[in-house]
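K.L.:
Quick one: the structure is below, and I'll ask about it shortly.
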Amino acid sequence: MSQKIDYLISPKWIAPVIPRSCVLEDYSVAVSQSTISKILPTNEALKNFREAPNISLPDQLLTPGFINVHSHAAMSLLRGIADDRNMMDWLSNWIWPIEEKLVDPSFVLDGTQLAGVEMIMGGTTTVADNYFFPEASSSAFASLGMRAQIGIPVLKFKNNWASDERDHLAKGLTLLNRQQDNSLQSLSLSPHAPYSVTDEGFLRVAELAKKKKIKIQLHLHETSQEIQDSLDECGLRPLARIENLGILNRSLQAIHLTQLNSDEIERLAKNEVHVGHCPESNMKLGSGICPISDLLAKNVNVAIGTDSAASNNDLDMLQEVRTASFLSKAVTNDASQIAAEDCLEMITLNGAKFLGLEHKIGSIEVGKLADLTAIDMSSIALKPVYSPVSQLIYNCTSAHISNVWIDGKRILQNKELSKFNMPELERKVDIWKEKIMSLASKIS
Ligand SMILES: [Zn+2]
């Protein structure tokens, strides 16, 4: 065979996601540069590509890399600092005061690296992040070789990155006008929430997103309090308000949506809004449950996010999607909601659609980029394997992830991030811990 490839990956099983419900056994994936160039039976692959290195993964499942559609990576430094509090108490009395004292580019760089390492070790290859000092998060994800959508925050409140809404937008525009030099990254606008952004701010966000052809990520209908406050303030539920301001369209990535009536579900479907479901954060902060079975029944694209480690408290996509599945089964009294193969689709292909990247990632297909995750199913606790996808969704965690490729590069090799200075990161995290603990003791 004349075609030249860089290497072969030969797992026991491949779950390519497209075609649906397909599991290939004893097949190999050939990778050339950053792209999947061939998928063929392993015995043929070894004959045809004798010269190429073969990464043999017996007892392992290969899937598309996982896509975490909602996070605030740097907040991993705040993991476990203010647990067991309701959402607005947690945010107003703990997280925001701590952030005001500490958040600067070095906090964001170190915190985002901490999160990025956890994500990659858990099989996540792409993340949509939202935090202050987006330049620092961008550097952190670049240092790890991770694919990312970097959200530019927009808030009406002063914070350490910007003084008011106009300042956020001005800084955002500067970033958007700068030449993007990292093919793994894109920028989005992240108006924080309806209660923290003015009508004028939303109008400007809508205009800018349209002009620059970028996504808008927004926390929306996270709690019942948010709905009541909006009704008291302007007589409209937040979703109706942002619809009037031109935000409710296919560019919108709406996060949480724990409070929805049937009319709102229709409007989300009609306007092709993408939904980011973060069940563990919603449960932990006592916020509510997003009715994803109803949304999926209306063909709304639903993808999965962990939210930050401060409200989860891990970034494990397998545990997150299992929670989504079990929660749906429980609230609908229907065990067929949400089936294992739908779960795999939600953390891969649906995530790619959410980000507008479905032509590049989200499935294992010839011509797509090699963003891949391998899961080791050799452990006794995972045997017997009747259905590898079922086993993945209902039994595996980040601890079973063995290898990760992003853009064709092997970033995680046999559970090791070989090119990353882990002791240095651990040292920095310890220093932040001392600072944050002393600050938190003054708040309590
Ligand atoms: Zn969030």
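Here, each number is a calculation from the coordinates, and none is a lab measurement. Predicted model only: the values in this text are computed from it and were never measured. For neighbour counting, all protein chains shown are included, and Cβ atoms are generated from backbone atoms with ideal geometry for every residue, glycine included.
K.L.:
Where a Cα-Cα gap under 19 Å defines reach, which lysines qualify for Lys38, not counting those fewer than 8 residues away within the same chain?
P.N.:
Those lysines meeting the cut-off are Lys4, Lys12, Lys47, Lys360, Lys368, Lys409.
K.L.:
Here is the link list: Lys101/Lys158; Lys213/Lys353; Lys215/Lys353; Lys158/Lys213; Lys270/Lys298. Which ones come out longer than 18 Å on Cα distance?
P.N.:
Exceeds cut-off: Lys158/Lys213.
K.L.:
Amide H of Ile411 versus every other amide H placed in the peptide plane: which residues, excluding those fewer than 5 positions away on the same chain, fall under 5 Å?
P.N.:
Under 5 Å from the amide H of Ile411: Val404, Trp405, Ile406.
K.L.:
Report relative contact order for the range 289-389 in percent, whole number only (criteria: Cα-Cα under 8 Å, sequence separation at least 6).
P.N.:
Computed over the range 289-389, the figure is 20 percent.
K.L.:
Give a residue-ordered list of calculated ³J(HN,Hα) values for the range 305-321 (Karplus: 6.51 cos²θ - 1.76 cosθ + 1.60, θ = phi - 60°; whole Hz; x for Gly, Pro).
P.N.:
x, 8, 6, 7, 5, 6, 10, 9, 10, 10, 10, 8, 5, 5, 5, 4, 6
K.L.:
Would you grab the residues whose amide H sits under 5 Å from the one on Ser28? Only those 5+ places off in sequence or on another chain, please, with H modelled 1.01 Å from N.
P.N.:
When sequence neighbours closer than 5 places are left aside, the close amide H contacts are Leu40, Thr42.
K.L.:
How far apart, in nm, are two points set 7 Å out from the Cα along the Cα-to-Cβ line at Leu46 and at Met422?
P.N.:
Going from the Leu46 label point to the Met422 one covers 3.1 nm.
K.L.:
Kindly state, to the nearest 0.05, the FRET efficiency for Asn182 paired with Lys383, given R0 = 56 Å and r defined as their beta-carbon distance.
P.N.:
0.85
K.L.:
For Lys428, which aspartates and glutamates qualify as cross-link partners when the Cα separation must be under 13 Å and same-chain residues fewer than eight apart are set aside?
P.N.:
Answer for Lys428, where 13 Å is the Cα cut-off: Asp110, listed by chain and number.
K.L.:
Something else: Subtracting the Cα-Cα distance from 0.36 nm times the residue separation, let me have the gained length for Cys234 to Lys433 in nm, one decimal.
P.N.:
On the way: separation 199, 0.36 × 199 = 71.64 nm, distance 4.15 nm.
67.5 nm is the gain from fully extending Cys234 to Lys433.
K.L.:
Continuing with this model, one more query. Using amide H atoms built 1.01 Å from N in the peptide plane, name the residues 5+ places from Arg79, or on other chains, whose amide H lies under 5 Å from its own.
P.N.:
For Arg79, no residues qualify.
K.L.:
Using θ = phi - 60° and the Karplus relation 6.51 cos²θ - 1.76 cosθ + 1.60, list the HN-Hα couplings for the range 354-370 in order, rounded to whole Hz, with x at every Gly or Pro.
P.N.:
Karplus-based 3J(HN,Hα) across the range 354-370 equals 3, 8, x, 10, 5, 7, 10, 9, x, 8, 9, 9, 4, x, 7, 6, 7 Hz.
K.L.:
May I ask you to compute the full-extension gain from Gln225 to Ala170, defined as 0.36 nm times their residue separation minus their alpha-carbon distance, rounded to one decimal in nm?
P.N.:
16.7 nm
K.L.:
I'd like the FRET efficiency for Glu207 and Arg267, computed as 1/(1 + (r/R0)^6) with the beta carbon distance as r and R0 of 22 Å, rounded to 0.05.
P.N.:
Result of the calculation: an efficiency of 0.55.
K.L.:
Calculate how many DSSP beta bridges within the chain are antiparallel, expressed in % of all such bridges and rounded to the nearest 5.
P.N.:
Given both bridge residues lie in the chain, the antiparallel proportion sits at roughly 40 percent.
K.L.:
Under a point spin-label approximation (7 Å from Cα along Cα-to-Cβ), what is the Cys22-Gln413 distance to one decimal in nm?
P.N.:
It is 3.1 nm.
K.L.:
Compute the angle between helix 105-121 and the longest alpha-carbon principal axis of the chain, please, reported from 0 to 90 degrees and rounded to the nearest 10.
P.N.:
So the helix axis and the longest Cα principal axis differ by about 40 degrees.
K.L.:
Determine, for each peptide in 328-338, 196-206, 428-438, the mean count of other beta carbons within 10 angstrom over its residues, then list the peptides with the highest first.
P.N.:
Descending mean neighbour count gives 196-206, 328-338, 428-438.
K.L.:
Let me ask something else. Taking every pair of alpha-carbon atoms in the range 92-219, what share in percent sits in each 10 Å bin, from 0 to the bin with the longest distance?
P.N.:
13, 44, 35, 9, 0
K.L.:
Could I ask something else about it? Quick one: Trp161, Trp94, fewest Cβ neighbours within 10 Å first, how do they rank?
P.N.:
Arranged by neighbour count, lowest to highest, Trp161, Trp94 become Trp94, Trp161.
K.L.:
Follow-up question, since we're still on this one. Evaluate the relative contact order of the chain (contact order divided by residue number), counting alpha-carbon pairs under 8 angstrom at least 6 apart; express in whole percent. It would help to have the intermediate numbers written out before the result.
P.N.:
Working: 924 pairs, mean separation 90.6, N = 444.
About 20 percent, as a whole number.
K.L.:
Quick one: Karplus J couplings for the range 239-246, per residue in order, coefficients 6.51, -1.76, 1.60, θ = phi - 60°, nearest Hz, x for Gly and Pro?
P.N.:
With coefficients 6.51, -1.76 and 1.60, one gets 5, 5, 4, 6, 5, 4, 8, x Hz.
K.L.:
Taking the square root of 5 times each eigenvalue of the Cα gyration tensor, what semi-axes in Å does the equivalent ellipsoid of the chain have, largest first?
P.N.:
Equivalent ellipsoid of the chain: 35, 24, 21 Å, largest first.
K.L.:
Follow-up. Express the relative contact order of the range 91-156 as a whole percentage, based on alpha carbon pairs under 8 Å and six or more residues apart in sequence.
P.N.:
Values: 63 pairs, mean separation 22.3, N = 66.
Relative contact order for the range 91-156 comes out at 34 percent.
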